[in-house]
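Structure first, then comments.
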Amino acid sequence: MDIQFQSSSSVKRYLLIAIAVLCALLIIYIVLKPSRPSFDISELTLTTAQQGPLDIYVDSFGEFISHEERLLTAPARGKVSEILHRPGAVVSPETIIVRLINPQLVQDVNQATGALSQTEAQLAAFKFEQESARLNHLGSIEELKATLEQAQLELSVNKQLLSFGTVSKIKLQRAKLAVKQSQSSLEFEQKKYQQFIEMQGHQLTQKRIEVEQQQRKLNVLNEQLGNMNIRAGLNGTLQNLDIALGESVSLGQSIAKVGSLDKLIARIRLPQRQADQINLGAKVVIDTQKGKIAAHITRIESVVTDGSVLAEATLDGELTPNARPSLTISAKVFVEHQSQAIHIKQSAGFRPSTKQTLFVLANNQLEQRKVTFGHLTKNQLIIDDGLQAGEIIVANDMRDFHHFSTLELVQ
């Protein structure tokens, strides 16, 4: 009986201790429980969600590049003897940027000039020789004509004498044979003359071709020699200079790059996640810090580089005073038009394309709510989910109060 009494007494004692501990913890929780904060509404920055038509633009950045570019290369082997202009210089098509020298090329030009003169002299001599040969052929033809006429005359005389019986028939036959031989000789010589004229024409053509070939060779060499003065070739600016004074260059080696100054295009980098929403022809507003220029998208690359996609825009408006190649620019690219977009004014802490915890003014208190933001366009942040038109949100930094579902307001 004594053992049972002691066991029952121990249980009661432990039960009382547990109740005491729970009461203590409850008192501590009540004492330490944070009270729901309250805010003076006049001290809060509030913004109202609006609904209406809105053009969606994507913010991007980039730079101007020349619409026309020309790579200047060495026309032949040579050495840089003179540099007349440096990058940034304004140039015209005839502006000489670099001079190259090549003694071997000069020697080749002199040799080609001498060869051309020799070929032209040979052509002239050939013409005189052929003219002399032609005259010889004509002289032979005239002699044969005279012989034929003489034979015909003798035949005629013999025929008359035969009628008088003063000449024999044999002599008459000889006269006829002489006429026939003379006629054949004349015809043969005339054929030889025709063949000579044709052959002379072919030979003359060949000689002229040789002269033309030598002339073309000389022209190429002269052009190469003239091109040793490297000219800009267009109106613009010298953008790059790839050689140094005294440097030896090879045929086709890059010398410099020239780009147009007044004809520019914009090369911009579109965010990867939004590039597929942009179409060719999309409107672009370019900001150069000294003005804005209207443009439109003309090319979009398919390759993604460092999270962005390169695109080119043709300028539709006039250039600003500071517009030049390589100028850094910002751009707003049109994506779409929403007729009933819900949006708020952009404030610090609101980030596009994110889901954030905000406090919304409702029933004279602040209620915590998850809000999904979409695009940021022209300082307006699109609301994808979590807000309705007319609702008011707190734009202050409320991260320290996210463990409260509601907050009190003090008028």
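The values are calculated or read from the model by the stated rules, or taken from the named source; none is laboratory data. Predicted model only: the values in this text are computed from it and were never measured. Positions of Cβ are generated from backbone atoms using ideal geometry, with glycine treated the same way; all protein chains shown enter the neighbour counts.
Summary of values
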{"item": "Selection count where residues are farther than 29 Å from L280 by Cα and exposed (fewer than 13 other Cβ atoms within 10 Å of the Cβ), scope the range 319-354", "result": "2"}
{"item": "Long-range neighbours under 7 Å by Cβ, at least six apart or interchain, first residue on the phi > 0 side of the Ramachandran plot within the range 390-411, second at pLDDT 80 or above", "result": "G390/T48; G390/A49"}
{"item": "Any pair with Cβ under 7 angstrom, 6 or more apart, that starts in the range 107-128 at a residue that is over 24 Å from I197 (Cβ atoms) and ends at one that is assigned to a helix (DSSP H, G or I) and of a type in the set (K, R)", "result": "A112/K217"}
{"item": "Tally, over the range 276-332, of residues that are assigned to a strand (DSSP E or B) and either out of contact with any strand residue (DSSP E or B) (no Cβ under 7 Å at 6 or more places or on another chain) or among the hydroxyl-bearing types (S, T, Y) (or both)", "result": "9"}
{"item": "Breaking point among (1) exposed (fewer than 13 other Cβ atoms within 10 Å of the Cβ); (2) in contact (Cβ under 8 Å) with a residue 24 or more places away in the chain; (3) polar (S, T, N, Q); (4) closer than 30 Å to M199 by Cα, for S132", "result": "(2)"}
{"item": "Entirely in the range 355-411, the strands (runs of 3 or more DSSP E) that have 1 or more residues that are touching a helix residue (DSSP H, G or I) at 6+ places or on another chain (Cβ under 6 Å) and surrounded by 14 or more Cβ atoms within 10 Å (Cβ to Cβ)", "result": "406-410"}
{"item": "Test for A295: is it touching an Asp or Glu at 6+ places or on another chain (Cβ under 8 Å) and among the hydrophobic types (A, V, I, L, M, F, W, C)", "result": "yes"}
{"item": "Lone unmet requirement of (1) assigned by TED's automatic domain parsing to the domain that holds V90; (2) without any contact (Cβ under 8 Å) to a residue 12 or more places away in the chain for V303", "result": "(1)"}
{"item": "Where a residue in the range 314-326 is in contact (Cβ under 8 Å) with a residue 12 or more places away in the chain and its partner, wherever it lies, is surrounded by 18 or more Cβ atoms within 10 Å (Cβ to Cβ) and of a type in the set (F, W, Y), with Cβ under 6 Å and at least six apart", "result": "P325/F64"}
{"item": "Test for V220: is it among the hydrophobic types (A, V, I, L, M, F, W, C) and touching a residue at least 12 places away in the same chain (Cβ under 8 Å)", "result": "no"}
{"item": "Filtered residue count, the range 84-106, keeping only those that are free of Cβ contacts under 8 Å to residues at least 24 places away in the same chain and either in contact with a Cys (Cβ under 8 Å, 6 or more places away or on another chain) or aliphatic (A, V, I, L, M) (or both)", "result": "1"}
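So that you can scan it fast, the table gives a plain yes or no per residue for (1) at pLDDT below 90; (2) of a type in the set (S, T, Y); (3) within 32 Å of the chain's Cα centre (by Cα):
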| site | (1), (2), (3) |
| --- | --- |
| S168 | yes, yes, no |
| A175 | yes, no, no |
| K191 | yes, no, no |
| K207 | yes, no, no |
| Q213 | no, no, no |
| G236 | no, no, yes |
